[in-house]
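The structure appears right after this line, and notes come after that.
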Amino acid sequence: MAIKSILKRQFLWISLCAAVASLGFWSCVRQELDKTVQKAYELRMNGKADEAFTMLEQVIAEDSTNAAAWYELARTKHHIGLGNLRELLGGLENMQQTIEKAVEYDPDNVIYSFYKGYVCYFRAYASFMREQPDANEKVKEVISAYESVLSLKPDYYEAMLYLVEVLGIPEDMGGDKSKAEQYARQLEGMDSVFGAKARSILLPEEVDRVDYWQKVLKKHEGNADVIEELGKAYLRADKVDRAVSYFEKAIEIDPEKASLFLDLSIYHTFRGMRAGNDKELLQTSITLGDAAVARYIKSEPIQPMLAYALGVRSKYKSFSGDKEQGQALFKQAEALDRYFSKATGAPHPDLFIPPGEVSQNHRYLMRPF
């Protein structure tokens, strides 16, 4: 009996050691795979999205449960799609399936769930633009995605603000004003600035947004977010000089807000589109829009955003009649990132944050700026 007991204890000890060794082995493998995901991200950020895509597919082939790889693959597909809008729209379902894999294999990771919310919104927006019958159902997916984010992180203000915006759309499009109001009140009780943003979304059209944000600023003097909102309110009111003044103040406080110069450029682009036969207004819009992008470039943005900005400048130069410089800027942009965005609006910053970083970014879904 003693011998059997000793042998049994030895067997259990050997089994335990083997299990621990196995866990250590897989831990090392996962660490190596995660390093590869980081490498793929760095390749993409340096204009090598194709290589990143191939690397991530290999990672997933080795371990199909690697959530980080699925997340980065979804972002890589999105990034590559920026270079061809038709391909991007055609690949939205696949992109959503990809990010859903990340959520499936790491359901407690708020990073993946938050990004899924944006992808779901992108699909819903595309459905409305193409007048597809399932657009309302896709809105429900957006709402569900962001509510899942809040189940993981109840104080995720950006996710709650997105919910206010999506739920605030007309009911025949899938909105729910009463729920939007509930989330707005909740935000107001959690953070006064985010609460002010939520309330601004739900304000009736006739309310003066400039006056609204001026009153908020009196309570939050020196707050870069509030100053930014006031600048945007002036811009939407076509008071460009005042908008620029507040943008400059916001950027002085927080240099990361240099992307406001891109908002200014977008404003001038839209104004140029509305110029019609007014050649003077068109030329003024081109000149001011180009100057705004040039100021953004001076902030030394990351490579994909620099490529986008150079692409925007190439359009301005071409429209102004300087085809040669326009082509030179386009080639410069393409050399930095062959998949740089050709859209008027800037790419979402969540495409470019490091793989393990929780996004603190918010960009209004229903407004150009």
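Can we say Asp225 is assigned to a helix (DSSP H, G or I), at pLDDT 95 or above, surrounded by 17 or more Cβ atoms within 10 Å (Cβ to Cβ) and not β-branched (Val, Ile, Thr)? Give the steps one after another, and end with the answer.
Working: assigned to a helix (DSSP H, G or I): yes; at pLDDT 95 or above: yes; surrounded by 17 or more Cβ atoms within 10 Å (Cβ to Cβ): yes; not β-branched (Val, Ile, Thr): yes.
Criteria met by Asp225.
Give me the helices (runs of 4 or more DSSP H) completely within the range 52-145, filtered to those with at least 2 residues that are touching a Gly at 6+ places or on another chain (Cβ under 6 Å), ordered by residue number. Steps first, answer last, please.
Numbers: elements: 67-81, 85-90, 92-105, 110-129.
Output list reads 85-90.
Confirm whether Glu357 is touching a residue at least 40 places away in the same chain (Cβ under 8 Å) and acidic (Asp, Glu).
Criteria met by Glu357.
Residues in the range 69-98 that are closer than 21 Å to Glu51 by Cβ and either surrounded by fewer than 21 Cβ atoms within 10 Å (Cβ to Cβ) or of a type outside the set (Lys, Arg) (or both): how many? Please lay out each step first, then the result.
Within the range 69-98, the first condition is being closer than 21 Å to Glu51 by Cβ, and the residues that meet it are 69-84, 87-88, 91, 94-95, 98.
Still in the list and also either surrounded by fewer than 21 Cβ atoms within 10 Å (Cβ to Cβ) or of a type outside the set (Lys, Arg) (or both): 69-74, 76, 78-84, 87-88, 91, 94-95, 98.
Result for the range 69-98: 20.
May I ask you to list the residues in the range 262-289 that are open to solvent by 20 Å² or more (accessible area, probe 1.4 Å) and within 22 Å of Glu228 (Cβ to Cβ)?
Within the range 262-289, the subset open to solvent by 20 Å² or more (accessible area, probe 1.4 Å) is 263, 269-271, 273-274, 276-284, 287-288.
Those that are open to solvent by 20 Å² or more (accessible area, probe 1.4 Å) and within 22 Å of Glu228 (Cβ to Cβ): Asp263, Thr269, Phe270, Arg271, Leu288.
Hey, any hits in the range 47-57 for a residue that's open to solvent by less than 60 Å² (accessible area, probe 1.4 Å) and among the β-branched types (Val, Ile, Thr)?
Restricting attention to the range 47-57, the residues satisfying the condition of being open to solvent by less than 60 Å² (accessible area, probe 1.4 Å) are 47, 49, 52-53, 55-56.
In the following step, the residues that additionally are among the β-branched types (Val, Ile, Thr) were identified as none.
No, because not a single residue in the range 47-57 is open to solvent by less than 60 Å² (accessible area, probe 1.4 Å) and among the β-branched types (Val, Ile, Thr).
The values are calculated or read from the model by the stated rules, or taken from the named source; none is laboratory data. None of the values given here were measured: they were computed from a predicted structure. Because the Cβ atoms are built from the backbone with ideal geometry, glycine has one as well, and the counts that use them run over all protein chains shown. For the accessible areas, the whole protein counts, side chains as well, though only heavy atoms, and no ligand, DNA or RNA atoms are used. Shrake-Rupley method; radii C 1.70, N 1.55, O 1.52, S 1.80 Å.
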